[in-house]
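Mind looking over this structure? Questions follow.
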């Protein structure tokens, strides 16, 4: 049935009907303290909207049909897999974030998506490289993260208690120092590793895994430093409780 | 094989880090130097409640070195923001910019409000003033009331939100004068000021501090407090009994306080109360209160609980009479 | 003049300049990261501004403000994610320009437009602050209702080929805006109210998360679908000719002026804000182009005009929002509200009083506003050669980045509340899927956003206006401003229909 008609108007027809019944069941709520009257109440506008949306979507259901040039292109099998992967991982990411925390969930999501996008599809024989790669990215990131955390806490607490000069305990200095430390540790790993991977000629899946590793570790750590430390957003800690 | 050895090295490194980090964070300190303390202001930015808590937050930040962040969560009087604190954790990292608006919203059944919150510190009292734009015909409260009674429902009386303290005051006023005003809630003090200035609403109930900021354009008719204003520029404004209505008592003002979720540890509450104390008595905050006509009534913890009980007692009869009392304990 | 010199003396020192430069850079970064708003940046800088002399402190905050507003256009143009709601109207043409390999020009145009908008509105501010402040007071509940109506109808009529699609989407956006709590009675208006009463849904949908989902996340899914057949790589981004030729800007003078006017006035009306102004400016530019006899490029096709108009407007809002803030003590938007707070802490009460007694400080604020725009312009200029490099990153790496940045952006809006942050990510994902379905069937997205932004404003002011009039619905036909807006909205529905009929 969706060859000619589009699913969107139909969805809106159903939704506006449900909305209509919902609004009616909710009833009209009056402004508090409206003794003399005059408040049109909370139902007028939603009711109007639901009727309007029903009429408009019915009209579009009839008139807005697919033209020949507007045909939805078919998914290729590879795209379909990547699409499904992205969809599932995104949902998992949102649901699992609170439990496993920002750092772990982000590095795994970032690594997995980058890796499979680079591969161009999801295949069984890439799974081993994926699993190993996720593990190493996580380990590398945790190492960088933990070192930066130790430094951060040392400086912040030291700045307050007086064991280091107060200016070293300011937020700006701490971020600068953490960024420097992380870069010093990250760059050699990246450069040496890249050389290794090149010389070892491990095949394309290992190379893609390595690129994904570098990207995901850098992304996650930088996002952490910017959002958490510079702009004070409280990112979930989850499993990485320190 | 090489790869495996790298993994092993990394994992060992990681275990070391974990141990170090875990050892480093053993002593739980409140407030954690990395955490921010959020102040939920249940009104929109720019109104007098918002300004008071922003100023206080800056001083608390200065005296303690901890980050205090103000977030405005508006809606349903002040209930939405209050619920935000109630639904949060009782860990001392979030407190409510509370006050008379909390009392009013709780009694109207919009939130569990003070039943779920603990007292930390009371800050100040801000008397309400009934004012109209200078080009309106009424020069005294009596003229206004007579006019309103002669054509009920025609004169609009605005407040800064029904859940808030000006809402209760306007309802109380309307009850006292035979329900002759059309009482309309606005979205916070700033919205009310611009609507009265623009002539869209006839009469407004403002905080004293809001009237001062626009004293060229407003004609204050009466101050809803027992005594006249402590400010030189407003001491000619009559109180209700001088304006000819000695029998009417209305909770005519708002006070602001700090409340946290019930169950917050005593140490955390004490730290917050002490920090608020220091910030409150700082030169800047005192100057700010003086400039904006706020009357300091500082008290912390138990003292404040007793003070709050008198406010609650003042509010109950008015809201019950107006039919707005919906508190279920 | 004497006041001007006294004001200048307050800001002409090295510490002011340095602090403002820092603020400007920080503002641009903040604006470019999704989910972080100008308001938040100003609030973060408050403690520092507090330690500085009044004029310097205010200068720092203004620099953050101007930087953040202009920085938001960077991700909008390059990636199609709005840095904050100010940049939503920039996405359509900006992203198309990027896809046509003209990212440099789009960014350059946006920077020039930001500068013009900022300085232009400052001129308005200096010359007419008290006057415009009076004008905005004419906007009461009834007028604001009709203003919201105009915004909704206009955007429905200009986006997409079919006005019914636009109107349906606008209505959908409004219905979404009504989710949450009734603003006047506190009644919950969400499905399964008993179960969901304590969830963040009781506050309604978060606007920025919704935007990030509709624009950013949906785009990832769209790109995934067409990945194979469209492996055309964006040609190496040319970074010469960043600036629009002067001649071209001259041709656009009408667009620039109207956007400037719209931005300044809408910015000055309390409770409105940049997100309305940018769409109104975009629409007015569309009309101007239609009457230009083909001299200007049509909007929606990747035209520079479509970047210039909203970018002039959203930066003009900065000056506009300061007008009622300084002249009346009423903030034009949330960011200026925080600014007023900063002034009050310093013992300065904005309002007529300020103009009467402390003119040197007023001039000092004007001068820092000017400097804030200059620094924003300079730093953006330095970066503009750098930003498009991000597009040389292969799409396989860029798409996951966009997805993650979208999620973190949605999360970051909540700031401190973890549960709200995760809920916002859920909203962004849900909206991303809805946005994907709609885009696939050629339904326009922009009206949903406008409905969502204006729905709350419309309902609140509608009910308030009727209540103030004692229950009289005809109040909207008794005021000149209302009548004007009503006529405008009817015309913008009828005219396109009529034009379409005639074409046939």
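Yes/no per residue for (1) within 14 Å of another protein chain (Cβ to nearest Cβ); (2) modelled with pLDDT of 80 or more:
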site	(1), (2)
C:360	no, yes
C:365	no, yes
C:369	no, yes
C:379	no, yes
C:388	no, no
C:395	yes, no
C:403	yes, yes
C:406	yes, yes
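Please state which of the following conditions residue A:79 fails to meet, knowing it meets all the rest: (1) at pLDDT below 85; (2) part of a helix (DSSP H, G or I); (3) more than 7 Å from chain C (Cβ to nearest Cβ); (4) surrounded by 16 or more Cβ atoms within 10 Å (Cβ to Cβ).
(3)
If we keep just the residues of region B:194-204 that are assigned to a loop (DSSP other than H, G, I, E, B) and more than 7 Å from chain C (Cβ to nearest Cβ), which is surrounded by the fewest Cβ atoms within 10 Å (Cβ to Cβ)? So that I can check it myself, show each step before the final result.
First, pick out the residues of region B:194-204 that are assigned to a loop (DSSP other than H, G, I, E, B): B:198-202.
From the residues that got through so far, the ones that are more than 7 Å from chain C (Cβ to nearest Cβ) too are B:199, B:202.
Working: B:199: 13, B:202: 23.
Checked region B:194-204; the qualifying residue surrounded by the fewest Cβ atoms within 10 Å (Cβ to Cβ) is B:199.
Next question, about the same structure. Of the residues in region C:199-237, how many are at pLDDT 65 or above and part of a loop (DSSP other than H, G, I, E, B)?
Initially, region C:199-237 is screened for residues at pLDDT 65 or above, giving C:199-226.
Cutting the leftovers down to part of a loop (DSSP other than H, G, I, E, B) gives us C:199, C:204-206, C:226.
Looking only at that region, the number is 5.
Would you mind stating whether residue C:473 is within 9 Å of another protein chain (Cβ to nearest Cβ) and in contact (Cβ under 8 Å) with a residue 40 or more places away in the chain?
Details: within 9 Å of another protein chain (Cβ to nearest Cβ): yes; in contact (Cβ under 8 Å) with a residue 40 or more places away in the chain: no.
Here the answer is no, as residue C:473 does not meet what is asked.
Which residues, taken from region B:162-193, are facing another protein chain (nearest Cβ under 9 Å) and touching a strand residue (DSSP E or B) at 6+ places or on another chain (Cβ under 6 Å)?
B:162, B:167, B:170, B:174, B:181, B:182, B:183, B:184, B:185, B:186
Every residue, every condition in (1) more than 10 Å from chain B (Cβ to nearest Cβ); (2) over 26 Å from residue C:410 (Cβ atoms); (3) part of a helix (DSSP H, G or I), yes or no:
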{"residue": "A:179", "(1), (2), (3)": "yes, no, yes"}
{"residue": "A:189", "(1), (2), (3)": "no, yes, yes"}
{"residue": "A:195", "(1), (2), (3)": "yes, yes, yes"}
{"residue": "A:207", "(1), (2), (3)": "yes, yes, yes"}
{"residue": "A:221", "(1), (2), (3)": "yes, no, yes"}
{"residue": "A:226", "(1), (2), (3)": "yes, no, yes"}
{"residue": "A:232", "(1), (2), (3)": "no, no, no"}
{"residue": "A:241", "(1), (2), (3)": "no, no, no"}
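Is there a residue in region B:127-147 that is assigned to a strand (DSSP E or B), within 12 Å of another protein chain (Cβ to nearest Cβ), under 23 Å from residue B:235 (Cα atoms) and over 20 Å from the mean Cα position of the chain (by Cα)?
Of the residues in region B:127-147, the ones assigned to a strand (DSSP E or B) are B:127-133.
Then keep just the ones that are within 12 Å of another protein chain (Cβ to nearest Cβ); that gives B:133.
Applying the additional criterion that residues be under 23 Å from residue B:235 (Cα atoms) yields B:133.
Narrowing the set further to residues that are over 20 Å from the mean Cα position of the chain (by Cα) leaves B:133.
Taking every residue of region B:127-147 in turn, at least one turns out to be assigned to a strand (DSSP E or B), within 12 Å of another protein chain (Cβ to nearest Cβ), under 23 Å from residue B:235 (Cα atoms) and over 20 Å from the mean Cα position of the chain (by Cα).
Mind listing whichever residues of region C:424-447 are in a helix (DSSP H, G or I) and more than 9 Å from chain A (Cβ to nearest Cβ)? If you could, list the steps in order and put the result at the bottom.
From region C:424-447, those in a helix (DSSP H, G or I) are C:424-440, C:446-447; that's our starting set.
If the condition is that a residue be in a helix (DSSP H, G or I) and more than 9 Å from chain A (Cβ to nearest Cβ), then C:424, C:427, C:430, C:431, C:434, C:435, C:436, C:439, C:446, C:447 are the ones that fit.
For the list (1) more than 21 Å from residue B:49 (Cα to Cα); (2) touching a helix residue (DSSP H, G or I) at 6+ places or on another chain (Cβ under 8 Å); (3) in a loop (DSSP other than H, G, I, E, B), I need the number of the one condition that residue B:221 fails.
Against the list (1) more than 21 Å from residue B:49 (Cα to Cα); (2) touching a helix residue (DSSP H, G or I) at 6+ places or on another chain (Cβ under 8 Å); (3) in a loop (DSSP other than H, G, I, E, B), residue B:221 comes up short only on (3).
Enumerate the helices (runs of 4 or more DSSP H) found wholly within region C:238-328, keeping only those where 2 or more residues are under 22 Å from residue C:454 (Cβ atoms) and in contact (Cβ under 8 Å) with a residue 24 or more places away in the chain.
C:253-268, C:274-290, C:305-328
So which of A:211, A:236, A:217 is in a loop (DSSP other than H, G, I, E, B) and touching a residue at least 40 places away in the same chain (Cβ under 8 Å)?
Working: A:211 fails: in a loop (DSSP other than H, G, I, E, B); A:217 fails: in a loop (DSSP other than H, G, I, E, B).
After ruling out the rest, the residue left standing is A:236.
Here is a list: A:84, A:129. Which entry is away from chain C (no Cβ under 11 Å) and either assigned to a helix (DSSP H, G or I) or within 11 Å of residue A:212 (Cβ to Cβ) (or both)? Working first, answer last.
Values: A:84 fails: away from chain C (no Cβ under 11 Å).
The match here is A:129.
The values are calculated or read from the model by the stated rules, or taken from the named source; none is laboratory data. Note that the coordinates shown come from a computational prediction; the quantities given were computed from them, not determined experimentally. In this analysis, Cβ positions are derived from the backbone assuming ideal geometry, glycine residues included, and neighbour counts consider all displayed protein chains.
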